[in-house]
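Heads up: the structure comes next, in structure tokens.
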Amino acid sequence: MKASKLSPKSNEDIRIGVYVCHCGKNIAGSVDCADVAEYASTLPHVVLSKHNLYTCSDPGQETIKKDVKEHNLNRVVVASCTPRLHEPTFRRTCEEAGLNKYLFEMANIREHCSWVHLYEPEKATAKAKDLVRMAVARSALMEPQEEAVVPVTRKALVIGGGVAGIQAALDLADTGYKVYLVEKSPSIGGKMAQIDKTFPTMDCSICILAPKMSDVGKHPNIELLTNSEVTEVGGYIGNFKVKVLKKPTYVTKDCTACGDCVDVCPVEIPNEFEVGLTWRKAIYIPFPQSVPARYLIDEKCCIGLGENTCAKCKEVCGPDAIIFNDKAEEVELKVGTIIVATGLDVFDPVSLMEYGYLRFPNTITSLEFERLINAGGPTGGRLVRPSNLRIPKKVAFIQCIGSRSEKRGNPYCSNVCCMNTIKDALLIKEHWPDVKIYVFYIDIRAIGKGFEDLFRRAKEAGVIFIRGLPAEIIEDRKSKNLWLVGENTLEKEIYTINVGMVVLSIGLRPRDDSGKVQQLLRLSKTSDGFFMEAHPKLRPVDTPTGGVFLAGCAEGPKDIKDSVTQASAAAARAGILMAKGKVTVEALTPKMLPEKCMGCGLCARVCPYNAITVDKEKKIAKVVEAACAGCGTCGAECSFNAIEMRHFTDEQIYAQINAATEKDADKKIIAFCCNWCSYAGADFAGVSRMQYPPSVRIIRTMCSGRVSTKFVERAFSRGAAAVLVAGCHLNDCHYINANYQTKKRVEKLWKKMERLGLDKNRLQLAWISAAEGAKFASKIKEMQRIVEGATKEEIEKTVDRMTPKKLQVTA
Amino acid sequence: MVNNLRGNPIKYENSQEIRIEREFLTRKYLLRLNKNLCNGCGLCSKICPEEAIKEEPPLVVNGHLEKKPTIDFDIDSCILCGECAVLCPLNALDMEVDGKEISTFVKNEAFPVLLKEINITKEKCDPECDAKCQEECPTEAIRVTKKSEKGQDRITNVQITESLCFYCKRCELACDHDAIQVRKPFRGSIELNTDLCPEGCMACAEICPTHTIQIENDKPQVFSEFCIFCSACQKVCPNQAIDVSRDWIFHTDVTAAAWLTALKKLTSVKTVAKELRIKSGQRRTSTVRGRERQLHLKSEQPNSDQAEAFLKILNKYKK
């Protein structure tokens, strides 16, 4: 919505409306909302102050719209939840009322106040009043802004060719968009291509996957780049520039997949698709149903490349499809949206010594089980004991290997192992009804549709479920049978059970190379190591980065149904952007003031996006708005006040600092938190109801790089007891590397404080990610001790030495 | 190698040997290095197609070999091809596939086996011989059993353990009765410039497995008839006084560029060119012979028995 006649110019009479939300009992439970609303009405420029039950609801929003019109409001402040949740909602409300959406401000009195000070209602209310005062002070200085409109390229990139990537690519391609599907391994299919049957229907996995794979290969809108990796991602939502490295396969498109080359290749190495159970040659096809259906040469172990010569495969190739001088090729793609579907790795149980994986030949993993029982596997579908290649008479499944454990593996539940084991047990019974099967479990989780029924069928088929994992496995040296010793916790007795084969139900874990993808796309990870979604309930496939979406196990362990569902969801979300064809870029870019510019070029140097060019002679700095992400690092770097950061101006931040330190500054911590990580981390602490002392007042900036040394000095010169500067972890900065500037500035301040004889501990620097709510809470607790230890003399000394001299004279 | 793979090679090491084992469901591989037999000559490292063998340099102090050169394996690169086991001149490396002594590449017809022979003509052996052959043998490859008969020791049996033999020819040249015939797999030359020898240095003599180099009057002397061209002496010499080169390798017939690469690394491009010439000559001969037989068949109008017999011979040569 454009700015209407209600948006005032800077010299117009400011009329602020304040709404304090109860949020049911969420805020009202610890904060006296009526009191806060009463207080707000006494603040300068506030003409209207109300409190209501649910401001974000329809009636709440209608109230705001009515008031704006009736009382001629030109600024709106809502004191409620975190702006990361409802700022867009209320901005829309303002626009519908005819107000420019940049004239709206929020005070976070829920995640940052009521939820974290549940047992100190008086202090919580006092803090809420402070936060409202800060918001009102900033709001008075806000100005209407116009947003740039950027076109969205109607092409998508899907990273990862497992079932999630395949589904997302097909959905987008069927909608009509061009899709690039980049897969690291030589064929698409992922882990689903390796398993035998799927639960609960006992469908053959590759039989239901292969038609989809084939569709991807044939689809006119999908360009399939296998054996390729994404090496660089630049740009922003709607306009990503992606570099993809196509690794050489040494086999051309003329390959007819006849397989003559495999017979003559002398190199035998472990077969990754068969999980190392058998060999493959240096020239190979990953599996028979590979898409693309082409052989390729593994350059790591082929002895025909480089210095070595062996050309046995080339000699027998009928279509002459083998070329030894194949080179890697780098392509550049321009896409509008990206879907990350990179999948999972499995837990390696070698570290669990008691189960003897790789020491006892008859202990196998569930993935090896899938390959053994698969008719296309190395034994033709016969489930055999590796020690003597005979079918076992008794099989034991051990659950939760590498899952649900703080010390041994990962703490989370891997979602699929219970049902996978039940399915495997039924498969064994189907082929060899006389085999006795034990399942050792902690809990059986059969949550989805048809799962409980499959569980019942397994029990009816005679599978024995014992609650209590074996403590140890002892191998019988001669027969290689395995004795399982443990406690049956339901019967409260020790068991010693002899079986011919043990299957370890290994858990799922984030991919080893997910760190690379994380850095490329500047994604966040949750504490379990999987990629973080924008909101766990309401935006489960979005990432905090606009235009990048998640699908499948890259986001968390899940079964095939959920992966496919999520993939379709991500495709729909990406489709929204591409259907609109344009996206509005937030007006957070810098405004250059050429009259003050000295041409030093520091702003261009610190910009993580290289969006600024400086003409040193003409003393003019120019910013490319489309490339600017709005971090504000340039604004903080400029020492000549020649850069004004739109919507996060220096004056607005000074106003917030002044408002926060108006009363009892010597008991307060002024915290500068970045929107993406540390502010979100503080939100997370609130959502998790972690309690901490109510002395902190948080000022939000988009990036910690926005925090100028002058802000910290202002806070100290106003008598603040302590200052916290918090940002994303280094190398995880949402704006690539802007937080390195933050680090430099704080270190400079520390040196200055030491020089001035001040306690530099009162200025703290913390890297807190969006998932580290506990870290935020403990940091505030730690700083509370600093606040309490700051003497009156220390604070007076600081005020004296930090205040710029000319201010002192006029004051 | 990727982790989580059951079939990855595993390295076991103790003071006597290094074993690399790899187990698939239906095939087991074992590559074994006998550290005591190995003299660090480094031929294996030269030819390894994946550069998976690392050499540790020797330690020569005051002209004595304090520590012999050794080798180690990088199991992340080793593909268990077995080329090293085929070429080791000291029988220190051997490879087994499913318990049978063979290299993977030999099994897959990508590498030959070296031709080396030692034969004793028992008839020529004098029963009253004092068995100089057994004395001269640098390993224990020759065992002569004697039985005391009428107050005199008579030779009853001579046994050769080929797996221990270096094919150095010490026995052949020591035998007075011309009863032993040895064929070396490598052919080459060894040159030692004693002017470059540091004072009192004996390192080359100490490493030589066949006593080809012996110290006489404080200077090393080369008895080149016994040399097996392992070039370990060249490795330990502190002053580059020794030059060992190989110019031919005797091996079974194989058509494989992998072998030619190894041959080039061990000998020279000239040797490879010569081998290729001989190979193409052989191919020409067999093609011509094949054509001859075809013509013969067509012109003669033989009866069916004769035709069958000829076809059999023809097919044998076509392979």
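The values are calculated or read from the model by the stated rules, or taken from the named source; none is laboratory data. Just so you know, these numbers come straight off a predicted model, no measurement behind them. Quick reminder, even Gly has a Cβ in these numbers, built from the backbone with ideal geometry, and neighbours come from all protein chains shown. Only protein heavy atoms, including side chains, enter the accessible area calculation; ligands, DNA and RNA are left aside. Shrake-Rupley method; radii C 1.70, N 1.55, O 1.52, S 1.80 Å.
Of note:
- Averaged over the residues of peptide A:725-734, the number of Cβ atoms from other protein chains lying within 10 Å of each residue's Cβ is 0.
- Per residue solvent-accessible surface (Å²) - the protein assembly as shown, probe of 1.4 Å: 45
- Taken over the stretch B:117-183, the percentage of Cα pairs per 5 Å bin, counting from 0 up to the bin with the maximum distance, is 4, 19, 32, 25, 13, 5, 2, 0.
- Applying a DSSP loop filter and a limit of 15 other Cβ atoms within 10 Å to the trypsin sites (Lys or Arg not before Pro) in the stretch A:172-256 leaves A:253.
- The stretch A:306-352: C-alpha gyration tensor shape, a/c 1.5 cut-off, then a/b vs b/c: oblate
- Relative contact order (%) - chain A, alpha-carbon pairs under 8 angstrom, separation at least six: 11
- Interface burial for A against B (accessible surface, 1.4 Å probe, total of both chains, Å², rounded to 100): 2800
- Put a plus charge on the Cβ of each Lys and Arg, a minus charge on the Cβ of each Asp and Glu, and nothing anywhere else: the dipole of chain A about its Cα centre is then about 1340 debye.
- Alpha-carbon centroids, the stretch A:196-221 and the stretch B:120-142: separation in whole Å: 72
- Counting Lys and Arg as +1 and Asp and Glu as -1 over every other residue whose Cβ lies under 12 Å from the Cβ of residue A:42, the net charge comes to 0.
- 12 Å beta-carbon shell around residue A:411, net charge (K/R +1, D/E -1): +2
- Antiparallel bridge percentage (DSSP; both residues within the protein assembly as shown; nearest 5): 60
- Principal axis dimensions, the stretch A:248-324 - Cα atoms, whole angstrom, descending: 29, 27, 22
- Among the listed pairs A:525/A:558; A:748/A:805; A:184/A:580; A:748/A:779, those with a Cα-Cα distance over 27 Å are A:184/A:580.
- Integer Hz, Karplus 6.51/-1.76/1.60 couplings in order for the stretch A:147-153, x for Gly and Pro: 8, 6, 9, 10, x, 9, 5
- GNM top mover of B:66, B:51, B:308 - chain B, alpha-carbon springs below 10 Å: B:308
- Ranking by accessible area, most exposed first, for A:298, B:153 with a 1.4 Å probe: B:153, A:298
- Sum of side-chain charges, residue A:555 neighbourhood, beta-carbon under 10 Å (Lys, Arg +1; Asp, Glu -1): -1
- 1.4 Å probe, heavy atoms, protein only - residues of the stretch A:255-301 losing at least 30 Å² accessible area vs chain alone: A:266, A:268, A:270, A:272, A:275, A:276, A:277, A:279, A:300
- Relative contact order, whole percent, for the stretch A:590-645 stands at 47, derived from Cα pairs under 8 Å and 6 or more residues apart.
- Packing, taken as the mean count of other beta carbons within 10 Å per residue, orders the peptides A:344-354, A:670-680 from highest to lowest as A:670-680, A:344-354.
- Once backbone amide H atoms are built at 1.01 Å from N, residue A:365 has A:504 as its partners under 5 Å, excluding neighbours fewer than 5 places away on the same chain.
- For chain A, the alpha carbon convex hull comes to 208 Å³ per residue, rounded to a whole number.
- Here the protein assembly as shown exposes an accessible surface that is 50 percent carbon and sulfur, computed with a 1.4 Å probe and the other protein chains kept in place.
- In the stretch B:106-126, burial by the other protein chains removes 20 Å² or more of accessible area from B:108, B:110, compared with the chain on its own (1.4 Å probe, ligands and nucleic acids ignored).
- Other-chain or far-sequence residues with amide H under 5 Å of residue A:158's (modelled H): A:180, A:181, A:182, A:339
- Other-chain or far-sequence residues with amide H under 5 Å of residue A:591's (modelled H): A:644, A:645, A:646
- Per-residue mean of C-beta atoms belonging to partner chains within 10 Å, peptide B:23-33: 4
- Residues of the stretch B:238-277 that lose at least 10 Å² of accessible area (1.4 Å probe, protein heavy atoms only) when the other protein chains are present, relative to their chain alone, are B:255, B:257, B:258, B:261, B:265.
- Ranked by the mean number of other Cβ atoms within 10 Å of their residues, highest first, the peptides A:439-451, A:635-647 fall in the order A:635-647, A:439-451.
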